[in-house]
1. Please work out the C-alpha center-to-center distance from segment 257-304 to segment 94-112 and express it in whole Å.
2. Treating cross-link reach as a plain straight distance, find the aspartates and glutamates whose alpha-carbon is under 12 Å from the alpha-carbon of Lys304, omitting any fewer than eight places away in the same chain.
3. Could you name the aspartates and glutamates in cross-link range of Lys49, using Cα to Cα under 20 Å and dropping any fewer than eight places away on the same chain?
4. When only DSSP loop residues count, what GluC sites (Glu not before Pro) in segment 118-208 have their Cβ near at most 13 other Cβ atoms within 10 Å?
5. Say R0 is 25 Å: what FRET efficiency, to the nearest 0.05, do Asp125 and Lys66 get from their beta-carbon distance?
6. Based on DSSP H assignment, which helices of the chain show an axial Cα extent of at least 20 Å together with a mean Kyte-Doolittle hydropathy greater than or equal to 0.0?
7. Evaluate E = 1/(1 + (r/R0)^6) for Glu229 and Tyr177, where r is the Cβ-Cβ distance and R0 equals 45 Å; express this FRET efficiency to the nearest 0.05.
8. List the GluC sites (Glu not before Pro) in segment 192-269 that DSSP assigns to loop (not H, G, I, E or B) and whose Cβ has at most 15 other Cβ atoms within 10 Å. Which are they?
Amino acid sequence: MRITIFVFIIILLASCSSTNKESTNDGKPHVVATTGMLYDAVVNIAGDKVAAEAIMGPGVDPHLYKATQGDLAKFNRADLIVYNGILLEGKMSEILKKLGRQKPTIAAAESVPREMLKSAIGYEDAYDPHIWFDVKRWRYAVKAISHALVKLDSANQKYYETNMQTYFSKLDSLDAYVRSRISEIPESQRILVTAHDAFVYFGDAYGIRVEALQGISTVADFGLKDIAEIIDLIIENNIKAIFVETSVSEKSINAVVQGCKEKGHEVKIGGYLYSDAMGELGTEEGTYIGMFRSNVETIVKALK
Ligand code: ZN
């Protein structure tokens, strides 16, 4: 898996460097986003008015990701840098802070009002950075990106603002879709067990109890005690399925399945959820809306 990711990054870097050459020639502002979700928001608002690129591709864990030499070159070329913030990009925070003193840089998730943020479990004075799995919170990030684009390229202000409104109505439809699909799961079965805590805002917004083995960052390890607690919870609530994530190792979730089996409870893996990274660019799951819908379909199918 690690080798595949590595190879993918190499391909991504190679393909990005060729786009860079084109974009520097055509004079468009250069926008660099850290995660795929942010990149997708930039593309939806800016269309072809900017040359946009993402640092992290599918399957990449933003908590652990360290900037490569190629990434640093991208950041240096950028006219605007968009990152999540709230310490999601834990290993890049120093670099991002430094770049913020040199050029326009926004931490899009930090535009969510403080009262809408949840504390990070196990971390004093820190907030949970995974705001994208509640459409209402994500709208703030999208709006912040739109404002930053207008500031960068005011000649296209109308274009960006119109695109933002169009995208907002798509996001509203997504929000309604999620609510209606989740209501198909019997209330007693609305419990989402995953490897790491990326779905707290999702649970809060859509009425699902969320239980995870690891805290909100994949940096911390999980212990045997966590596994035992989750196993008891699954058996107590007769949960049918638990989920693996595309950017987190399956090891912990497999241990839970095995542990349940030893206690005579059959729990299946309900499928892969996109948590901190999206699917391949060019596929449905390579967009924010497509990724979200895919997750909801996976969850509803397995828990219904
Ligand atoms: Zn995460």
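Read-outs throughout are calculated quantities, based only on the coordinates presented, and are distinct from any laboratory measurement. If you're wondering where the values come from, they're calculated on a predicted model, not measured in any experiment. So basically every Cβ, Gly included, is an ideal-geometry build from the backbone, and we count neighbours across all protein chains shown.
1. Spelled out, the Cα-based centre of one part sits 32 Å from the other.
2. Counting by Cα, and skipping residues close in sequence, Lys304 has these aspartates and glutamates nearby: Glu184, Glu187.
3. Glu22, Asp26, Asp40, Asp79, Asp153, Glu161
4. Within segment 118-208, the qualifying GluC sites (Glu not before Pro) (loop, at most 13 other Cβ atoms within 10 Å) are Glu124, Glu184.
5. It comes to 0.55.
6. Span-like helices here: 2-26, 135-152, 288-303.
7. The computed FRET efficiency comes out at 0.85.
8. Glu250, Glu266
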